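> One structure follows; several queries about it will come next.
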Amino acid sequence: EVCFSPDGRTLASSSRDRSVILWDVKKGAVKRLLHGHSRGVRCVAFSPDGRTLASGSEWGPIKLWNAENGTEKRTLKVSSGNERVQGIAFSPDGRILASGSKNGSIRLWNTETGTEQLIFKGQLDVQVVAFSPDGRTLASGSWDRSIKLWNVETGMEEGTLKGHSWEVTSIA
């Protein structure tokens, strides 16, 4: 997976070789190579202010990195310890990170403390997550060909969108 920083100057890419690369878009060169995952990295996301990069790995934790100097800020450990994180997204204010996993769990994390705030369940094999612009709703796309809408404050499902003939791998 790849994502641009909010200012568009940096591109982050994840790899199954357990690395994250930060690229200087203008120069087309590597700015920084981030190591620290013990398994392949499935997803990356920049915080809205561009200061933090999150990376999620196969069967391992989520890491929060200082996007400027590449140091690890925090590790978010999923409860089961072997949860395959497939999608991550920051809330518009950057205070919450959502993660979606193969086991169907969606977790909301406090980015300041690293604590798990809420768990949503009720969808299979979550591939991707995205916040609404106001941060009140989280959308999740799944292998089951559905998109679910969740209330971020309560964790309750607000609706299901159906119509895809194959798994949902991207939402915005």
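> Restricting to Cα pairs below 8 Å that are 6+ residues apart, what does the relative contact order work out to for region 65-112? Please round to a whole percent.
Values: 57 pairs, mean separation 12.2, N = 48.
Value for region 65-112: 25 percent.
> Keeping every protein chain present and rolling a 1.4 Å probe, give me the accessible area per residue for the chain in Å².
Heavy-atom SASA per residue in the chain reads 53 Å².
> Per 0.36 nm of contour for each residue apart, how much would the distance between T113 and F4 grow if the chain were fully extended, relative to their Cα-Cα spacing?
Numbers: separation 109, 0.36 × 109 = 39.24 nm, distance 2.49 nm.
Here the answer is 36.8 nm.
> Across region 1-125, how many lysine pairs, 8 or more positions apart or on different chains, have C-alpha atoms separated by under 30 Å? Please give the number.
Lysine pair count for region 1-125: 16.
> Ignoring ligands, DNA and RNA, what percent of the 1.4 Å accessible area of the chain is carbon and sulfur?
Details: 4300 of 9040 Å².
With neighbouring chains kept in place, the figure for the chain is 48 percent.
> On to the next question. Checking the cross-link filter: which aspartates and glutamates have an alpha carbon closer than 16 Å to that of K162, excluding same-chain neighbours under 8 positions apart?
Counting by Cα, and skipping residues close in sequence, K162 has these aspartates and glutamates nearby: D125, D144.
> Using a 10 Å cut-off on Cβ atoms, rank the peptides 28-40, 57-69, 99-111 from the highest mean neighbour count down. Numbers along the way, then the final one.
Details: 28-40: 14.5, 57-69: 19.2, 99-111: 20.8.
Going from most to least packed, we get 99-111, 57-69, 28-40.
> Would you work out the relative contact order for the chain, in percent, from Cα pairs under 8 angstrom that are 6 or more residues apart? Each step should come with its number before you reach the end.
On the way: 485 pairs, mean separation 20.1, N = 172.
Relative contact order of the chain: 12 percent.
The values are calculated or read from the model by the stated rules, or taken from the named source; none is laboratory data. Not measured: the values here are computed from a predicted model. Virtual Cβ from ideal backbone geometry, glycine too; neighbours counted across all protein chains shown. To get the accessible areas, we keep the full protein, side chains included, count just its heavy atoms, and leave off ligands, DNA and RNA. Shrake-Rupley method; radii C 1.70, N 1.55, O 1.52, S 1.80 Å.
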